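Student: Have a look at this one before I ask anything.
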Amino acid sequence: MQLTLELPSAAFIPRNVQAAINQLASSTTADFLGAVFTRPEVVHFILDLIGYTKDQPLHKRRLLEPSFGGGDFLLPIIERLLSAWRAARPGGSALDDLGNAIHAIELRHDSFHDTQAAVIALLEREGMARKTATTLAGRWLSQGDFLLEPLGGAFDFVAGNPPYVRQELIPDLLLAEYRSRYQTIYDRSDLYIPFIERSLSVLSEAGRLGFICADRWMKNRYGGPLRNLVAQRFHLNIYVDMVDTPAFHSEVIAYPAIIIISREGSGVTRIARRPAIEQETLTTLATLLRAKHLPKESHLVCEVAQVTNGAEPWLLESSDQMALIRRLEKDFPLLEETGCKVGIGVATGADQAFIGDFETLNVEPDRKLPLVTTKDILSGEVKWRGQGVINPFAETGGLVDLDAYPRLRGYLEARRKLIAGRHCARKAPANWYRTIDRITPALAARSKLLIPDIKGEAHIVFETGKLYPHHNLYYVTSDHWDLRALQAVLLSAVTRLFVATYSTKMRGGFLRFQAQYLRRLRLPRWQDVSEPLRCELANAGITRDIQACNQAAFKLYDLSCDEQLMLGGDGE
């Protein structure tokens, strides 16, 4: 699929959409609009990386700051611009030379006015007359919605920290307007996705974008269209992993990264990881990342080819790890092509109504199922705490007739206000008592592997076939593979490499063991596994001995000594 880069028209904004914009602009809570403030050392690092430096004729260039907030990026940008302008001594007036150099936008009224005052004060401290400073700030700064405002041409630089806002916080009318203009708003994408799309759309030839933002879109489903756009039309020059670094003035849960993207042909991507947030360290690192040739013995920066590949997740691991991933993808089928199935447990939308103590849930016996949650498997084995879930679905499909189940009817009616108030119930009032996900009792009766979503290490638990999984658990079943043997594979360093390569990480380095990433695992077919190796894998899975799981998995995938060493093995 080819993605175009047509600039969104800003000629007309419907009155009701403008009213929604005004509502957001008047918000007094910065957190509501995804405002996270960036440390100055990180701001200067990003400006260095995009080449917005004092030794360049910045007054002849144009820079866009799409969401300037409190001025974390904007004020250092202005300081650099003034230094470069004075060094160039062009001879014109400040208004003539600098009036077109910056275009900065902010939605919130209070942030706009506070930062506008700070800009004027900065210009006055730099020796400009009040009238000149006010006029220049008026030319540079505008209050409005970046996604809908006219921008007036192309930019050599785009820099900033785009807002991180979930779709449900955006008024429906405004979200619909965004969707009509931006092709990368897909699935549950957050607001920074169209921010990146529009920012890329206005880059000049060889222009550079430098953002610090959450990395979720680089790997997960909703980022696919934006990844495709970058792969088709741009070059991911630099990626800096910022996990567990104090890049912001406040802590964030999402895994942040710095990206430098240019409107150029594709090439290698230079990657750095978790730098110390110190000005001297970051200045040195920026010089290395932008060097024409990377020193052969550099341990701070690596180069990886083919990071982008259409809508596929970005693969940002080392070259050796990437080579192993590519070999396994070439040599073995996908997990679900070997007779395995990956799923997620039931979401009810109102756990306090549908879930309770199994024995005391006052419904007919066939209307409840024993439930397993993450708390039941913390030890690595199932220790059921006695929870159960209400099942409103008939075996033949659809919901049961409540007239046939008086105890179930009484139980649900007593909690009707809570249950019927859910979004799914309001959309279909006749089905007010259904859970969000359909419940299939046969799943409880199947043996399965249970996997929590967020974990530092793989946490794979075998369940014999008595419990139904809750929505905070993923599960794997198989028609062919012995589940104890499969448990060993999923506990191994090979699976961790796949998940670490394809998944997003959370603060603290925790991985997301989600279905979309587990499905990317490659696995030999069970009939191709020798009997001795089957036994070795099963025994390793039963004991949950990670070293034994690794050794068996290394044999399963026929890893070379170097490949084993790379994954923490002894290479024997």
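Student: Using θ = phi - 60° and the Karplus relation 6.51 cos²θ - 1.76 cosθ + 1.60, list the HN-Hα couplings for the range 57-63 in order, rounded to whole Hz, with x at every Gly or Pro.
Tutor: So the J values, rounded to whole Hz, are x, 5, 5, 9, 10, 10, 10.
Student: Search the structure for amide H atoms under 5 Å from the amide H of ILE102, placed 1.01 Å from N in the peptide plane, and list their residues when 5 or more places away or on another chain.
Tutor: Counting only residues 5 or more places away or on other chains, the set is LEU63.
Student: For GLN547 and GLU303 in the same chain, what is the full-extension length gain: residue separation times 0.36 nm, less their Cα-Cα distance, in nm?
Tutor: Fully extending the segment from GLN547 to GLU303 adds 84.8 nm.
Student: Then there is this: Could you tell me the distance between the Cα centroids of the range 140-180 and the range 199-214, to the nearest Å?
Tutor: After rounding, the separation between the Cα centres reads 14 Å.
Student: Let me ask something else about it. How would you order 71-77, 116-122 from highest to lowest mean count of nearby Cβ atoms within 10 Å?
Tutor: Listed from highest to lowest mean packing, they are 71-77, 116-122.
Student: Nothing charged except the Cβ atoms of Lys and Arg (+1) and of Asp and Glu (-1): what's the magnitude of the dipole of the chain about its Cα centre? Round to the nearest 20 debye.
Tutor: Its charge dipole is roughly 960 debye.
Student: Further, regarding this structure: If you look at just the Cα atoms of the range 282-412, how large are its Rg and its Dmax in Å?
Tutor: Cα-based Rg and Dmax for the range 282-412 come out at 26.3, 76 Å.
Student: About the Cα centre of the range 59-157, what is the dipole size in debye to 20, counting +1 per Lys and Arg Cβ and -1 per Asp and Glu Cβ, all else neutral?
Tutor: 460
Student: Using a Cα-Cα cut-off of under 16 Å, which aspartates and glutamates could be cross-linked to LYS296, ignoring same-chain neighbours fewer than 8 residues away?
Tutor: Correct list for LYS296: ASP320.
Student: What translational D, rounded to a whole number of µm²/s, comes out for the range 440-562 from Stokes-Einstein when the hydrodynamic radius is the Kirkwood one over Cα pairs, at 4 °C and 1.567 mPa s?
Tutor: The calculation lands on 87 µm²/s.
Student: Largest first, how would ASP241, ASP479, ASP331 line up by accessible area (1.4 Å probe)?
Tutor: Result of the area sort, largest leading: ASP479, ASP331, ASP241.
Student: Past the 18 angstrom mark, what percentage of all C-alpha to C-alpha distances in the range 371-423 do you count?
Tutor: Of the Cα pairs, 53 percent sit more than 18 Å apart.
Student: Would you list, by chain and number, the aspartates and glutamates whose Cα falls below 14 Å from the Cα of LYS54, excluding same-chain residues fewer than 8 positions away?
Tutor: The reachable aspartates and glutamates, counting only those whose Cα sits under 14 Å from LYS54, are GLU79.
Student: How long are the semi-axes of the ellipsoid equivalent to the range 380-469, from square roots of 5 times the Cα gyration tensor eigenvalues, in whole Å, largest first?
Tutor: Equivalent-ellipsoid dimensions as semi-axes: 30, 16, 12 Å.
Student: Still on this structure: Of LYS375/LYS555; LYS375/LYS427; LYS292/LYS330; LYS219/LYS330; LYS330/LYS555; LYS341/LYS466, which pairs sit farther than 24 Å apart, going by alpha carbon to alpha carbon?
Tutor: Too far apart for the 24 Å limit: LYS375/LYS555; LYS375/LYS427; LYS292/LYS330.
Student: Take LEU565, LEU203 and sort them by solvent-accessible surface of the protein heavy atoms, 1.4 Å probe, largest at the top.
Tutor: Ranking LEU565, LEU203 by accessible area, largest first, yields LEU565, LEU203.
Student: Among bridges DSSP assigns within the chain, what percent are antiparallel (round to 5)?
Tutor: Roughly 65 percent of the DSSP beta bridges within the chain come out antiparallel.
Student: Separate question: Counting only Cα, what are the radius of gyration and maximum Cα-Cα distance Dmax of the range 237-341, in Å?
Tutor: Reported Rg and Dmax, both Å: 16.7, 54.
Student: Would you mind computing Rg(Cα) / (2.2 N^0.38 Å) for the range 93-220, counting N as its residues?
Tutor: After normalising by residue count via 2.2 N^0.38 Å, the value is 1.19.
Student: Using the alpha-carbon atoms, what tilt in degrees (0 to 90, nearest 10) does helix 493-502 show relative to the longest principal axis of the chain?
Tutor: Tilt relative to the chain: about 40 degrees.
Student: Which of the GluC sites (Glu not before Pro) found in the range 361-438 are loop residues per DSSP with 11 or fewer other Cβ atoms within 10 Å of their Cβ?
Tutor: Taking the range 361-438 and a limit of 11 other Cβ atoms within 10 Å, the loop GluC sites (Glu not before Pro) found are GLU381, GLU395.
Student: Within 10 Å, at most 14 other Cβ atoms, and a DSSP state outside H, G, I, E, B define an exposed site. Report the longest part of the chain free of exposed trypsin sites (Lys or Arg not before Pro).
Tutor: 1-165
Student: OK, next. How big is the accessible area of PHE554 in square angstrom, nearest 10, if you roll a 1.4 angstrom probe over the protein chains?
Tutor: 10
Student: Measure nothing but the geometry: give the 0 to 90° angle between the long axis through the Cα atoms of 109-125 and the longest principal axis through the Cα atoms of the chain, rounded to 10°.
Tutor: Value to nearest ten degrees: 40.
Student: Ordered by residue, what ³J(HN,Hα) values in Hz, to whole numbers, does the range 341-347 give under the Karplus form 6.51 cos²θ - 1.76 cosθ + 1.60, where θ = phi - 60° and Gly and Pro are x?
Tutor: Using θ = phi - 60°, the values come out as 9, 10, x, 10, x, 6, 9 Hz.
Student: Here's a follow-up. Treating cross-link reach as a plain straight distance, find the lysines whose alpha-carbon is under 25 Å from the alpha-carbon of LYS131, omitting any fewer than eight places away in the same chain.
Tutor: LYS60
Student: What's the whole-number percent of alpha carbon pairs in the chain lying beyond 36 angstrom?
Tutor: 46
Student: While we're looking at this one, here's another question. So for the range 204-303, taking the charge dipole from beta-carbon charges (+1 Lys/Arg, -1 Asp/Glu), which of GLY210, VAL243, ILE277 sits furthest toward the positive end?
Tutor: Ranked along the dipole, the leading option is GLY210.
Student: Still on this model: Ignoring ligands, DNA and RNA, what accessible area per residue does the range 54-178 give at 1.4 Å, in Å²?
Tutor: Using a 1.4 Å probe on heavy atoms only, each residue of the range 54-178 averages 41 Å².
Student: Which far-off residues, 5 or more places away or on another chain, put their amide H under 5 Å from the one on THR504, with H placed in the peptide plane?
Tutor: Here ARG512 satisfy the definition.
Student: Over the range 355-490, what percent of the accessible surface lies on carbon and sulfur atoms, probe 1.4 Å?
Tutor: 52
Student: What residues have an amide H closer than 5 Å to that of GLY267, excluding those fewer than 5 places away on the same chain, when H is modeled at 1.01 Å from N in the peptide plane?
Tutor: The list, which skips near neighbours in sequence, is LEU236.
Student: So, one more: Restricting to DSSP H runs of at least four residues, report the calculated mean residue ellipticity at 222 nm for the chain, -39500 (n - 2.57) per run over all residues, nearest 500 deg cm²/dmol.
Tutor: Helix-only estimate at 222 nm: -10000 deg cm²/dmol.
Student: What is the ratio of the Cα radius of gyration of the range 410-455 to 2.2 N^0.38 Å, where N is its residue count, to two decimals?
Tutor: That ratio works out to 1.57.
Student: Per residue of the range 477-482, in order, report the coupling 6.51 cos²θ - 1.76 cosθ + 1.60 (Karplus, θ = phi - 60°) as ³J(HN,Hα) in whole Hz, putting x for Gly and Pro.
Tutor: Once θ is set to phi - 60°, the couplings for the range 477-482 become 10, 8, 8, 10, 6, 5 Hz.
Student: Shifting gears a bit: On a 0 to 90 degree scale, rounded to 10, what angle separates helix 192-201 from the longest Cα axis of the chain?
Tutor: The angle comes out near 40 degrees.
The values are calculated or read from the model by the stated rules, or taken from the named source; none is laboratory data. Small disclaimer: the values here were computed from a predicted structure and weren't measured. Counting neighbours? That spans all protein chains shown, and the Cβs are built from the backbone with ideal geometry, glycine included. Side chains included, ligands, DNA and RNA excluded: accessible areas come from the protein's heavy atoms. Shrake-Rupley method; radii C 1.70, N 1.55, O 1.52, S 1.80 Å.
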